[in-house]
Amino acid sequence: MTRILLPLAIVAALYFGPLYEVSVSAADSGRDEIARTGEYFIGNAVGCMAQLRVPLGEECAFDNDFFGNPFVGHVINWAALLAVGAAVIGVIGLLPVVGRLTSIVTVLAGLGALGAMGLMSLTMMGEEGGLGAILWGTYLTAGAGLLTLISGLGGMRGAR
């Protein structure tokens, strides 16, 4: 059951949690800090899944940039898709025959979430706000990724 809920926790933390602060120009006050959630990265993919479509293709892809680098957004998008796939395979993995496959995909989903948040943090190091601009949603997503990784490794060992 944890191999279903933890990948979904990755997606929920990524979508709803504030990941970082960004400075924007405001007409009345000059500079303003806004918190950007993961909806900025995976909003198009979630919209496609809400319409019961496979979130692949141009209309579901990340179409913004992250400080001039669209690669980070694509990695975060693919990490979220991998987590959703791990949850779906986790439901199928409740059957006794497919148990080990769910553990492998769960490990990959955990590694994907950790890698995506690490890449985002590394990219933030060279920007204006630095690591101080990273908010709690990034840490929550990385923590859920770590727990997912541990759960998948436990499943490969044979733990239920």
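Observations on the model:
- Listed conditions (1) touching a Phe, Trp or Tyr at 6+ places or on another chain (Cβ under 9 Å); (2) touching a residue at least 12 places away in the same chain (Cβ under 8 Å) are all met by residue 83, apart from (1).
- The helices (runs of 4 or more DSSP H) located wholly in segment 1-106 that include 1 or more residues which are within 21 Å of residue 128 (Cβ to Cβ) occupy 39-50, 70-92.
- Subset of segment 86-121 [among the hydroxyl-bearing types (Ser, Thr, Tyr) and free of Cβ contacts under 8 Å to residues at least 60 places away in the same chain]: 121
- For beta carbons closer than 8 Å, sequence separation of 6+ or different chains, a first residue in segment 122-141 that is in contact (Cβ under 8 Å) with a residue 24 or more places away in the chain and surrounded by 12 or more Cβ atoms within 10 Å (Cβ to Cβ) and a second that is polar (S, T, N, Q) and not in a helix (DSSP H, G or I), the qualifying pairs are 123/69; 129/23; 137/37.
- In segment 112-160, the residues that are β-branched (Val, Ile, Thr), out of contact with any Ser or Thr (no Cβ under 9 Å at 6 or more places or on another chain) and over 16 Å from residue 75 (Cβ atoms): 150
- Apart from one condition, residue 46 fits all of (1) within 18 Å of residue 124 (Cα to Cα); (2) at pLDDT 80 or above; the exception is (1).
- Between 72, 98, 88, the distinction of being modelled with pLDDT under 95, aliphatic (A, V, I, L, M), farther than 26 Å from residue 20 by Cβ and within 18 Å of the chain's Cα centre (by Cα) belongs to 88 only.
- When residues in segment 144-160 are screened for being in contact (Cβ under 8 Å) with a residue 40 or more places away in the chain and within 19 Å of the chain's Cα centre (by Cα), 8 of them pass.
The values are calculated or read from the model by the stated rules, or taken from the named source; none is laboratory data. These numbers were taken from a predicted model, which means no experiment stands behind them. So basically every Cβ, Gly included, is an ideal-geometry build from the backbone, and we count neighbours across all protein chains shown.
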